[in-house]
Amino acid sequence: MDDPIQRQSFEPTDPQLAHALFGQQNRHLQQIERLTGVRVSSKGTTALLEGPSKNLAHSIRLLEELASLLKSGFSMRPSDIEYADRILRMDDSAKLKDIFLDTVTVSSRNKAISPKSLAQKAYLDAMRNNDVVFGIGPAGTGKTYLAMAMAVAQLKKKEISRIVLVRPAVEAGEKLGFLPGDIAEKVNPYLRPLYDALYDLMDFDRGQALIDHGVIEVAPLAFMRGRTLNDAFVILDEAQNTTTEQMKMFLTRLGFGTRAVITGDVTQIDLPNGRISGLVQAREVLSHVDGITFVSFTDMDVVRHPIVQAIVRAYDAYKPG
């Protein structure tokens, strides 16, 4: 049975709110039309909607939640409308204010980072409430960036005394021994994404000063052996490329007052054939340990350019002939 076409209107509480919600020349309404498959126009301060009843109900719900968000002082961008649409498709009872207004404040410029999906919200809550958090999912879902934002915010509030950023230096296609330079220069390309994320969260001079004073350390995983890390926020990135031995070694470095976040994508393992990923095994071994939480991300949580979400989906669906 076909879903009948229906019409409904939505009128915000005041003209200023309507202007912010509809967007310049109705651009926000046009975006909602593209996302929901419902025809959307306006007459004065009233939005006029027409479409299948199920889509129409979703569109009205989206407008209601966006209006509530704007009334709370949220500055809305076009990308936020797309994230809001995804969130409500996954959970139509979700409150956007609980997600978009849950901010992590970082850097001397008081830059505020907020979750853009249900999984990102769960991830932030997990990092606040657990000693060890695993964030597992595809590229572009904010796993590392949100972890670093939380680390920088806790450092700013003096809840920790240092940040340690770690990555395994897996040889993908060329041997480290054949690369020019000393060991630090050889592994630096593997660590570059961590530096990039750090400098996006705080200005370069401040970040470099903290690195120079040892408050922030960026290091390959091999440098963690034999150490005990106290009063720190430790992030292990690209953890799918750890061996089982390396993962156990890393997790047993954690000392008093230390929190650890381990991120990775189990579909992007670069270990030699036959080697079991430490991240895959950790999910099996530690899933029921108190104080350890696993948060899973999907392509619906990708917050990069929309084409990234399409790329992730295409690779997931691809079956070689």
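Being surrounded by fewer than 16 Cβ atoms within 10 Å (Cβ to Cβ), closer than 27 Å to Asn129 by Cα, at pLDDT 90 or above and not acidic (Asp, Glu) holds for only one residue in Gly264, Gly257, and it is Gly257. Among the residues in region 208-226, are any assigned to a loop (DSSP other than H, G, I, E, B), in contact with a strand residue (DSSP E or B) (Cβ under 9 Å, 6 or more places away or on another chain), open to solvent by 30 Å² or more (accessible area, probe 1.4 Å) and among the acidic types (Asp, Glu)? No, region 208-226 contains no residue that is assigned to a loop (DSSP other than H, G, I, E, B), in contact with a strand residue (DSSP E or B) (Cβ under 9 Å, 6 or more places away or on another chain), open to solvent by 30 Å² or more (accessible area, probe 1.4 Å) and among the acidic types (Asp, Glu). Summed over region 9-32, the residues that are outside any loop (DSSP other than H, G, I, E, B), open to solvent by less than 20 Å² (accessible area, probe 1.4 Å) and within 13 Å of Leu70 (Cβ to Cβ) give a count of 4. Out of Arg109, Arg61, one residue alone is at pLDDT 90 or above and either in a helix (DSSP H, G or I) or not polar (S, T, N, Q) (or both). It is Arg61.
Of all the residues in region 267-281, those that are farther than 18 Å from Leu251 by Cβ and in contact with a Phe, Trp or Tyr (Cβ under 9 Å, 6 or more places away or on another chain) number 1.
Only residues that are open to solvent by 10 Å² or more (accessible area, probe 1.4 Å), of a type in the set (A, V, I, L, M, F, W, C) and either part of a helix (DSSP H, G or I) or closer than 30 Å to Ile113 by Cα (or both): list them for region 33-58, please. Once the filter is applied, which keeps residues that are open to solvent by 10 Å² or more (accessible area, probe 1.4 Å), of a type in the set (A, V, I, L, M, F, W, C) and either part of a helix (DSSP H, G or I) or closer than 30 Å to Ile113 by Cα (or both), region 33-58 yields Leu35, Ala57. Whenever a residue of region 270-290 is under 16 Å from Asp131 (Cα atoms), its partners that are among the hydroxyl-bearing types (Ser, Thr, Tyr) and open to solvent by less than 70 Å² (accessible area, probe 1.4 Å), lying with C-beta atoms within less than 9 angstrom and at least six residues away or across chains, give the pairs Ala282/Thr242; Ala282/Thr244. Any residue that is open to solvent by less than 60 Å² (accessible area, probe 1.4 Å) and touching a Ser or Thr at 6+ places or on another chain (Cβ under 8 Å) - is there at least one of those in region 62-71? Yes, the conditions are met somewhere in region 62-71. Of everything in region 85-106 that is part of a loop (DSSP other than H, G, I, E, B) and closer than 25 Å to Leu201 by Cβ, the residue that is least open to solvent (accessible area, probe 1.4 Å) is Asp102. For region 271-295, residues that are of a type in the set (A, V, I, L, M) and at pLDDT below 90 total 1.
Considering the conditions (1) at pLDDT 95 or above; (2) of a type outside the set (Ser, Thr, Tyr); (3) part of a helix (DSSP H, G or I); (4) open to solvent by 10 Å² or more (accessible area, probe 1.4 Å), Glu82 is excluded by exactly one of them, (1). A search for C-beta distances below 7 Å between a residue of region 34-53 that is of a type in the set (D, E, K, R) and any residue that is open to solvent by less than 60 Å² (accessible area, probe 1.4 Å) and in a loop (DSSP other than H, G, I, E, B), counting only pairs 6+ apart in sequence or on different chains, returns Glu50/Val38. Considered as a group, the residues in region 268-280 that are touching a helix residue (DSSP H, G or I) at 6+ places or on another chain (Cβ under 8 Å) and open to solvent by 70 Å² or more (accessible area, probe 1.4 Å) include one that is farthest from Leu194 (Cα to Cα), and that residue is Ile276. Only a single item in (1) crowded, with 18+ Cβ neighbours inside 10 Å; (2) under 27 Å from Ile307 (Cα atoms); (3) under 18 Å from the mean Cα position of the chain (by Cα); (4) not aromatic (Phe, Trp, Tyr) is not met by Gln154, and it is number (2). Among the numbered conditions (1) open to solvent by 10 Å² or more (accessible area, probe 1.4 Å); (2) under 30 Å from Gly278 (Cα atoms); (3) not acidic (Asp, Glu), tell me where Ser75 comes up short. That leaves (2) as the condition not met.
Is it true that some residue in region 304-320 is open to solvent by 50 Å² or more (accessible area, probe 1.4 Å) and β-branched (Val, Ile, Thr)? Yes, some residue in region 304-320 is open to solvent by 50 Å² or more (accessible area, probe 1.4 Å) and β-branched (Val, Ile, Thr).
The values are calculated or read from the model by the stated rules, or taken from the named source; none is laboratory data. All of these numbers come straight from a predicted model, not from anything done at the bench. Cβ coordinates were reconstructed from backbone atoms using ideal geometry, including for glycine residues, and neighbour counts include every protein chain displayed. Protein only, heavy atoms only, side chains kept; ligands, DNA and RNA dropped before computing areas. Shrake-Rupley method; radii C 1.70, N 1.55, O 1.52, S 1.80 Å.
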